[in-house]
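Working notes, structure below.
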Amino acid sequence: MKHFLNINEISIRDLKGILEQAKKMKGARIGLAKGTYDEGKPLSQHIVALVFEKPSTRTRTSFDVGVRQLGGQPMLLSGAEMHLGQGETISDTAQVLSRYVDLIMLRTYESKTLYEMAKYSTVPVINGLTNDSHPCQIMADIMTFEEKRGTIEGKKVVWFGDGNNVFNSFFQAAGKFNFSLIFSGPKELDPPSNLVKKANSLGFDFKIDRDPISAIKGADLIATDTWVSMHDSPEVKQVRHNQLKAFQVNEELMSNAKKDALFMHCLPAHRNEEATSAVMDGQNSVIFDEAENRLHVQKAIMRWCLSK
Ligand code: CP
């Protein structure tokens, strides 16, 4: 069974194959209306459950549209309206859903829930974000980078802010695609220490640089994410703003980067907090290409999951 749970668990051959397939499918759709089927309807007669325990704009719509374009049938399910983990075990839910659908995409809080779903499901499971990782996002980011600048291997990626789930998937991708990764953020929000220790054993270049200006020098790709979540209290928000304000990606910081460095943000963004609107809408920004590529790369991921 081919689950798509985390980038570090998938071979580089398969990861590159997914990106290649995504590129090919994107190219084949140029000029077509969004509702046109892809040639051959590769997901014909397949039903895909899209299960969300957390809010989503991009993941929800891109998976839904992706399944339709592939000729399959999407089934959007809200965790709040299911018995998921509240009165019914994840293992029972996994076994029941597997009797109805051919593929499950799950956005949830704990990785444990995702892995439990995959363990008991008899159909493939895709990680649509957990508190620990966001692999579909980073596959879209790598696709976007390579469309614009060629291979990401050997390039320098700098992450500003919080060592969060999106950063974690960048970290896993660096180990697979062999690019350098710099984390530039406050010590309090460092990535988990076990992750940092892992970098050496994985053999890729990983550094923490708390000086944003030295971190951004020579970067090919600059990425950041929101400083706070919607559910954070005003007190937490204030603390985080104080911790992170030195790591805001603004025009002054970008003036220290290479002229052709790309700026990415997985969105949603809090404009003028983690990044200014001038950067987000500036010439280096590819934020909406990233969002579009979620669609293409996830279609390729679904095809990979269902392939023999
Ligand atoms: N980047 C991302 O996953 O966006 P959504 O939360 O809107 O799905």
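General observations
- Between 0 and 90 degrees, the angle of helix 58-69 with respect to the longest Cα principal axis of the chain falls at about 40 degrees.
- Residue pairs exceeding 32 angstrom between C-alpha atoms, taken from LYS207/LYS245; LYS26/LYS308; LYS16/LYS259; LYS34/LYS259; LYS217/LYS299: LYS34/LYS259; LYS217/LYS299.
- Simple point charges give the picture: +1 on the Cβ of Lys and Arg, -1 on the Cβ of Asp and Glu, and for the chain a dipole about the Cα centre of about 820 debye.
- With respect to the chain, whose longest principal axis is taken over its alpha-carbon atoms, helix 90-100 is tilted by about 50°.
- Alpha carbon centroid spacing (whole Å) that separates region 256-274 from region 114-146: 23
- Helix-only [θ]222 nm of the chain, DSSP H runs n ≥ 4, -39500 (n - 2.57) each, per residue, nearest 500: -13000 deg cm²/dmol
- Neighbours of LEU32, meaning other residues whose beta-carbon lies under 15 angstrom from its beta-carbon, give a summed charge of +4 when Lys and Arg score +1 and Asp and Glu score -1.
- Computed from the C-beta positions of ALA28 and GLN283, the FRET efficiency with R₀ = 22 Å rounds to 0.15.
- Bridging of LYS24 to aspartates and glutamates at a Cα separation below 14 Å is possible for ASP38, GLU39, GLU146, GLU147, once same-chain residues fewer than 8 apart are set aside.
- With the simple spin-label model, which puts each label point 7 Å out from Cα in the Cβ direction, the ASN8 to TYR109 separation comes to 2.4 nm.
- Of GLU153, GLU146, the order by accessible heavy-atom surface (1.4 Å probe, DNA, RNA and ligands excluded), from most exposed downward, is GLU153, GLU146.
- Angle in degrees between helix 12-28 and the longest Cα principal axis of the chain, rounded to the nearest 10: 80
- Taking a ≥ b ≥ c as the square roots of the eigenvalues of the Cα gyration tensor, an a/c ratio of 1.5 or more together with a/b larger than b/c marks region 68-154 as prolate.
- Working note: Debye formula, equal point scatterers on the alpha-carbon atoms of region 200-296, no solvent; log10 I(q)/I(0) at q = 0.13, 0.14, 0.15, 0.25 Å⁻¹ is -0.52, -0.60, -0.68, -1.31.
- Size estimate for region 6-63 follows the Kirkwood approach: the inverse of mean 1/r over distinct Cα pairs works out to 14.2 Å.
The values are calculated or read from the model by the stated rules, or taken from the named source; none is laboratory data. None of the values given here were measured: they were computed from a predicted structure. Because the Cβ atoms are built from the backbone with ideal geometry, glycine has one as well, and the counts that use them run over all protein chains shown. Just so you know, the surface numbers come from the protein's heavy atoms only, side chains and all, with ligands and any DNA or RNA stripped out. Shrake-Rupley method; radii C 1.70, N 1.55, O 1.52, S 1.80 Å.
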